[in-house]
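So the structure is just underneath, and the comments pick up after that.
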Amino acid sequence: MDEFIRIGNHPAADLCNTTPVLDGTPVELLPDGAALARWAAGTSIAAPPDDPEGALDFVHRLRAAVRAALTAPAPDPGLDAAVNRVLAERPAVVHLDTTAADPVGLAAVDPADRFCVELAAAVVDIFRHDRRLVRTCAGPACVLVFVDASRSGRRRWCDMATCGNRAKAAAHYARGRA
């Protein structure tokens, strides 16, 4: 069983979801480098961090900046600037490798920053999606983020088995009381 919440349909959403609210209290699922290494192992990021403890602070700041930008009611240049300030901490260059499946990519200027650069590139890709499909769960106590990949484009809940079921049960109870 995975200890992380991977319902976001995108690495950025899954990163944001490493701070869920359980029983009204925010929970940090990436408290240390070991947890970051376990989380990274379950992602599509190609390389695990060489120094998980060294990458942890960057990952926390990237997560906070991206969450703020994703959950803002409208695009905000100030929030974009906050994300860009974090991204600038780990410089990268455009890199060509014609032997790779994706020949054009980013390479960290400092090889020790490889994981952070790859994570940053994967995470900021979410801003290429239609903003209307990047959502926060409609559950009143839920803070989970997801990209709606449903055919109808009307997904409201992080997961039907939890938040969706609670909402349906509450609606059923309210109808019964009326």
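Taking the stated definitions as given, is D50 among the acidic types (D, E) and surrounded by 15 or more Cβ atoms within 10 Å (Cβ to Cβ)? Step through it out loud before you land on a result.
On the way: among the acidic types (D, E): yes; surrounded by 15 or more Cβ atoms within 10 Å (Cβ to Cβ): no.
Here the answer is no, as D50 does not meet what is asked.
Please enumerate the residues belonging to the range 126-141 that are of a type outside the set (A, V, I, L, M, F, W, C) and under 18 Å from A64 (Cβ atoms). So that I can check it myself, show each step before the final result.
Keep residues of the range 126-141 that are of a type outside the set (A, V, I, L, M, F, W, C), which gives 128-132, 135-136, 139-140.
Passing the criteria: only T136.
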Quiz item: Counting just the residues of the range 105-160 that are within 15 Å of the chain's Cα centre (by Cα) and among the acidic types (D, E), which one comes out surrounded by the most Cβ atoms within 10 Å (Cβ to Cβ)?
Solution: E118
Quiz item: Do we have T71 as among the hydroxyl-bearing types (S, T, Y), out of contact with any Ser or Thr (no Cβ under 9 Å at 6 or more places or on another chain) and under 19 Å from P11 (Cβ atoms) here?
Solution: no
Quiz item: Counting only residues that are aromatic (F, W, Y) and either closer than 20 Å to L106 by Cα or free of Cβ contacts under 8 Å to residues at least 24 places away in the same chain (or both), how many does the range 25-84 have?
Solution: 1
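No lab work stands behind these numbers, since they all come straight from the coordinates. In this text the structure is predicted, and so the values were computed from the model without any measurement. Backbone-built Cβ (ideal geometry, glycine too); neighbour counts: all protein chains shown.
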